[in-house]
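Some notes on the structure that comes next.
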There are 2 protein chains.
Amino acid sequence: MIQPIIGKIDFIESLRGKKATFMLALSNSKTANITGITQAGIPGMIHLTPTLDSEFVCTGEVRSLDNIAETPKGVPTPALITRAVQLLAPYGRVELLDLGLEVKPKIDYFKLHTFDIEPSQSIAKGAAIDAQEVFQKGVEFGQSYHCQDEYLILGESVPSGTTTAMATAIGLRHKVKACFSSSFKEVPNDIRENTLKLALSHIAPKDDIFAILGKVADNMLIFNAGFILGLNNQTKIVLAGGTQMASVLLIVNKILKLMGGTMETSNLALCTTKWVAEDEKSDIKTLLELLHFPINAYYTDFDFSLSSHPALKLYDQGEAKEGVGAGGALMYGFLNGISKESITKQVEFFLA
Amino acid sequence: MIQPIIGKIDFIESLRGKKATFMLALSNSKTANITGITQAGIPGMIHLTPTLDSEFVCTGEVRSLDNIAETPKGVPTPALITRAVQLLAPYGRVELLDLGLEVKPKIDYFKLHTFDIEPSQSIAKGAAIDAQEVFQKGVEFGQSYHCQDEYLILGESVPSGTTTAMATAIGLRHKVKACFSSSFKEVPNDIRENTLKLALSHIAPKDDIFAILGKVADNMLIFNAGFILGLNNQTKIVLAGGTQMASVLLIVNKILKLMGGTMETSNLALCTTKWVAEDEKSDIKTLLELLHFPINAYYTDFDFSLSSHPALKLYDQGEAKEGVGAGGALMYGFLNGISKESITKQVEFFLA
């Protein structure tokens, strides 16, 4: 049910039956406003996607808009999967990170961590992030964070996040353009290519790592790299995502190398969906093999083969693939005895 | 599955997956000996109901009598529901409050909190409760109580408790006679009316709040009002009950008003059954709207529509409705991934 991409199954097996805190990192980048670059949301309303996703995961309701975020082709948000698991095998708690949201989620009682971080600009024009400051905020959060459950699952909702993740990895001088996934089945290469070219054009030869990240990354990537370094292997953490979380790890890797530092990573893992792991248009394994530290990475053997719902079948055809920590949510469900059938039925129920 | 009566779903959603202490407040009032006033138990043995309910919730056995409390029509106690959830998604722990029991439950190992409180007299003759003392004991208990789980569910088993609750609310000068539920489908209005009239006749114009409560209330109502004030929003608590728990809140409300005090109530909620929430003969919403503080109140969308057991079908016809924290137990089950179907099957199994 859970398969290794890199490493052994032991880390994940040791978490079987344990409660996890599900943490969702939310951010807006104006990159998402580039026409056609993402299908993670409703055209003209894409900035609302992380807000709506977090409202739905926490409460089962979307409050900042009438309908849950759907892509133009009608691919429903992976938040449906994350919420389904919350109903079937509840997380210990859900916590949210506001890493620069246009619209705050309308939720009481759930912990919303705030850091005074603004939405970032389009990488086509230079993202204009104070990357050192955002990174530092991540480090401090990691150093002071006390996990109240046995481990942490860290997901994200950042529209256009695969594009900024690709720009980041390439900006950090990795030759990995072919390794990046997108929420589209047919990745809009012209638009992406053009955005990427514009983004990279702002990098000057003498730019240091923070200068580069400040131009081509997003707040989620930078903050979470700091967060992981701040946690310093003291808390078990599963990065719930695909190529975006791989880019977070590439930043961690680069910073460790730069500082001549090392970090224990025995408590650090990544878990994504089967749709990402088996995607022919991206290659998360190659990205992870660039890391200088050992990492356990997994995917969950879940698809919608038990469903005949046309909107869900689109996932199996390569649309959407990952997001809102869906891969980590499925992992948590499987580790707590929930079947593929139950999850499928619960997701179908949301769409009924 | 869990629906708001007043307020938003957020409080309850934030408790999803968390362990709770299930606390059961047990008390006898001689009001229950008035012929025909309650069907919460076996005629002539009604005083045993809280004892048997607590034995069954804790151990699955009724020890102080051969058969589990059934009403004359054969409506089984809601303790079956509370116990079913304990088997399917166990509470963190079960604790009992002896607020004046005729017969102590025969249980080892479970925490039974005692306060040297005697069963109260019939309100038809004046309940003769030292209300200030019982209230003070509640306050002190709340101030010193340390919840070992993430929140507290507080249920009750007090035969004739809806009658004393009604007398209390009216005695506190609310015009709410039509708002009160009873364990009967056909509320025995003559008997209740007469008991109520007698109870209220003992109140003198100059009686202060404790004098009034001492005549028309019961120990559960008075103690729990003090308990809630003593907790002072420091512990998350869900009052698991219907109109009786609403009357507890009316006492809290009156005392706060009297003292010119205020209390944060963000961690205080109520959860009852669908049978109470949809009862046409009572109106818990109107009772809760009398409060001067904000409150989140919910009901659980559970009935016995999946069962064909004739004794359980009586619930859907309006008998029994609530008690032994059934509404809060169902909430806890739902928050921990248990389905309506599983709970129904487990309750049926007890009756097989």
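The values are calculated or read from the model by the stated rules, or taken from the named source; none is laboratory data. Please read all numbers here as calculations on a predicted model, not as lab measurements. Don't worry about glycine lacking a Cβ; one is built from the backbone with ideal geometry, like all the others, and counts go over all protein chains shown.
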### Message
Just checking, does the stretch B:161-177 include any residue being in a loop (DSSP other than H, G, I, E, B) and among the hydroxyl-bearing types (S, T, Y)?
### Response
no
### Extreme residue, nearest to B:F184 (Cα to Cα), among residues of the stretch B:59-76 that are outside any loop (DSSP other than H, G, I, E, B) and either modelled with pLDDT under 65 or not acidic (D, E) (or both)
B:P76
### Query
So is B:A169 closer than 21 Å to B:T51 by Cα and crowded, with 23+ Cβ neighbours inside 10 Å or not?
no
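Out of curiosity, is B:G323 under 25 Å from B:R93 (Cα atoms), in contact with a Cys (Cβ under 9 Å, 6 or more places away or on another chain), touching a residue at least 40 places away in the same chain (Cβ under 8 Å) and away from chain A (no Cβ under 14 Å)?
Working: under 25 Å from B:R93 (Cα atoms): yes; in contact with a Cys (Cβ under 9 Å, 6 or more places away or on another chain): no; touching a residue at least 40 places away in the same chain (Cβ under 8 Å): yes; away from chain A (no Cβ under 14 Å): yes.
Against the criterion (under 25 Å from B:R93 (Cα atoms), in contact with a Cys (Cβ under 9 Å, 6 or more places away or on another chain), touching a residue at least 40 places away in the same chain (Cβ under 8 Å) and away from chain A (no Cβ under 14 Å)), B:G323 does not qualify.
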### Query
Can you tell me which residues in the stretch A:128-149 are over 15 Å from A:H113 (Cα atoms) and without any contact (Cβ under 8 Å) to a residue 12 or more places away in the chain?
A:E133
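Among the listed residues B:S282, B:S307, which satisfies the condition of being of a type in the set (S, T, Y), touching a residue at least 24 places away in the same chain (Cβ under 8 Å) and surrounded by 22 or more Cβ atoms within 10 Å (Cβ to Cβ)? Working first, answer last.
Numbers: B:S307 fails: surrounded by 22 or more Cβ atoms within 10 Å (Cβ to Cβ).
Criteria check complete, one pass: B:S282.
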### Count - residues of the stretch A:163-191 that are in contact (Cβ under 8 Å) with a residue 12 or more places away in the chain and either of a type in the set (D, E, K, R) or over 20 Å from A:S29 (Cα atoms) (or both)
6
### Message
Every residue in the stretch B:1-45 that is over 21 Å from B:M245 (Cβ atoms), away from chain A (no Cβ under 12 Å) and of a type outside the set (G, A, S), please.
### Response
B:K30, B:N33, B:I34, B:T35, B:I42, B:P43, B:M45
### Message
Just to check your reading of the model, which residue among B:F210, B:F180 is more than 20 Å from the chain's Cα centre (by Cα) and within 23 Å of B:N253 (Cα to Cα)?
### Response
B:F210
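B:E55 - would you say it is within 23 Å of B:A329 (Cβ to Cβ) and either under 17 Å from the mean Cα position of the chain (by Cα) or surrounded by fewer than 20 Cβ atoms within 10 Å (Cβ to Cβ) (or both)? Let's see the steps before the verdict.
On the way: within 23 Å of B:A329 (Cβ to Cβ): yes; either under 17 Å from the mean Cα position of the chain (by Cα) or surrounded by fewer than 20 Cβ atoms within 10 Å (Cβ to Cβ) (or both): yes.
In short, yes.
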### Task
Collect the residues in the stretch B:219-236 that are crowded, with 24+ Cβ neighbours inside 10 Å and within 25 Å of B:N296 (Cβ to Cβ), keeping them in residue-number order.
B:M220, B:L221, B:I222, B:F223, B:N224, B:A225, B:G226, B:F227, B:I228
### Summary
Per the filter on the stretch A:88-135, residues within 14 Å of chain B (Cβ to nearest Cβ), in a strand (DSSP E or B) and over 30 Å from A:K340 (Cα atoms) are A:L112
### Query
For the stretch B:69-90, does any single residue satisfy the condition of being surrounded by fewer than 24 Cβ atoms within 10 Å (Cβ to Cβ), out of contact with any Lys or Arg (no Cβ under 7 Å at 6 or more places or on another chain), among the β-branched types (V, I, T) and under 17 Å from B:L24 (Cα atoms)?
no
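Would you be able to tell me the number of residues in the stretch A:200-247 that are polar (S, T, N, Q) and in a loop (DSSP other than H, G, I, E, B)?
Restricting attention to the stretch A:200-247, the residues satisfying the condition of being polar (S, T, N, Q) are A:201, A:219, A:224, A:232-235, A:243-244, A:247.
Okay, now just the ones that are also in a loop (DSSP other than H, G, I, E, B), so A:232-235.
So the count comes out to 4.
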### Query
Which ones in the stretch B:220-239 are touching an Asp or Glu at 6+ places or on another chain (Cβ under 8 Å) and within 20 Å of B:P159 (Cβ to Cβ)?
B:M220, B:N224
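Among A:Q86, A:Q132, which is the only one that is at pLDDT 95 or above and out of contact with any helix residue (DSSP H, G or I) (no Cβ under 6 Å at 6 or more places or on another chain)? Please lay out each step first, then the result.
Numbers: A:Q132 fails: out of contact with any helix residue (DSSP H, G or I) (no Cβ under 6 Å at 6 or more places or on another chain).
Of A:Q86, A:Q132, the one residue that is at pLDDT 95 or above and out of contact with any helix residue (DSSP H, G or I) (no Cβ under 6 Å at 6 or more places or on another chain) is A:Q86.
One line per residue, one yes/no per condition, for (1) in contact (Cβ under 8 Å) with a residue 60 or more places away in the chain; (2) surrounded by fewer than 20 Cβ atoms within 10 Å (Cβ to Cβ):
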| residue | (1), (2) |
| --- | --- |
| A:M263 | no, yes |
| A:E289 | yes, yes |
| A:T300 | yes, no |
| A:K313 | no, yes |
| A:L330 | yes, no |
| A:K345 | no, yes |
| A:E348 | no, yes |
### Query
Restricting the first residue to the stretch B:72-96 and requiring it to be free of Cβ contacts under 8 Å to residues at least 60 places away in the same chain, which pairs with a second residue that is surrounded by fewer than 18 Cβ atoms within 10 Å (Cβ to Cβ) meet a Cβ separation below 7 Å and a spacing of at least six or different chains?
B:P72/B:P43
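I need the full set of residues from the stretch A:7-51 which are assigned to a loop (DSSP other than H, G, I, E, B), crowded, with 17+ Cβ neighbours inside 10 Å, modelled with pLDDT of 95 or more and of a type in the set (A, V, I, L, M, F, W, C), in order please.
Step one: list which residues in the stretch A:7-51 are assigned to a loop (DSSP other than H, G, I, E, B), which gives A:7-9, A:14-19, A:27-28, A:34-45.
With crowded, with 17+ Cβ neighbours inside 10 Å added as a condition, the list becomes A:15, A:19, A:27-28, A:34, A:37-42.
Filter once more, keeping what is modelled with pLDDT of 95 or more: A:15, A:19, A:27-28.
Within the stretch A:7-51, A:L15 is the sole residue that qualifies.
Residue by residue through the stretch A:136-158, note down the ones that are assigned to a strand (DSSP E or B) and not β-branched (V, I, T).
Looking only at the stretch A:136-158, we keep the residues that are assigned to a strand (DSSP E or B), and these are A:151-157.
Across the stretch A:136-158, the qualifying residues are A:Y151, A:L152, A:L154, A:G155, A:E156, A:S157.
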#### Entry: Only one of B:L270, B:L291 that is within 18 Å of B:S247 (Cα to Cα), outside any strand (DSSP E or B) and touching a helix residue (DSSP H, G or I) at 6+ places or on another chain (Cβ under 6 Å)
B:L291
